Amino acid sequence: MATAFAWALSAIILFVAFNIQELPGEWVTILTLCPTISMLIGSALVQLGTKGKHPGWIVLLLIGLLLLLGYFLP
C-alpha cells in the first residue's frame, strides 16, 4: 500500500513539473505543498513511532526537504 501511495505522489509531482506553465498558481501550490507536508509529517511519525530505529524517516525527510527546495527555487 505504501508503494501505491508513493507512486501516486510521484505522479502528482511529475504532473506539476511537466505542466507548471499551464497550471494556475494556486494549483501548483496545492499540488506541491500537499505531498511535501505529507512527507515531512510521515517522517516525523516514523521517527517517533520507531524511536529513530527505522531509517525510513530519513528518506521521507530528504524527500520532503527536496520538495521544499524545488518549490522555493525558481
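The values are calculated or read from the model by the stated rules, or taken from the named source; none is laboratory data. Remember, predicted model here, so these are calculated numbers, not experimental data. Counting neighbours? That spans all protein chains shown, and the Cβs are built from the backbone with ideal geometry, glycine included. To get the accessible areas, we keep the full protein, side chains included, count just its heavy atoms, and leave off ligands, DNA and RNA. Shrake-Rupley method; radii C 1.70, N 1.55, O 1.52, S 1.80 Å.
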Between the modelled labels at residue 48 and residue 21 (7 Å from Cα along Cα→Cβ) the distance in nm is 4.3
In nm, the gap between the two label points placed 7 Å beyond Cα toward Cβ at residue 58 and residue 1 is 2.7
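With an 8 Å Cα cut-off and a minimum separation of 6 or more residues, compute the relative contact order for the chain in percent. Before the final figure, lay out each step's value.
Numbers: 46 pairs, mean separation 19.4, N = 74.
The normalised contact order for the chain reaches 26 percent.
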Mean accessible area per residue over the chain (1.4 angstrom probe, all protein chains present, square angstrom) is 75
For the pair residue 8 and residue 71, the simple spin-label estimate (label points 7 Å beyond Cα toward Cβ) gives in nm 1.9
Of every hundred units of 1.4 Å-probe accessible area on the chain, the number belonging to carbon and sulfur atoms, as a percent, is 78
If one compares the long axis through the Cα atoms of helix 25-49 with the longest principal axis of the Cα atoms of the chain, the angle in degrees, nearest 10, works out at 0
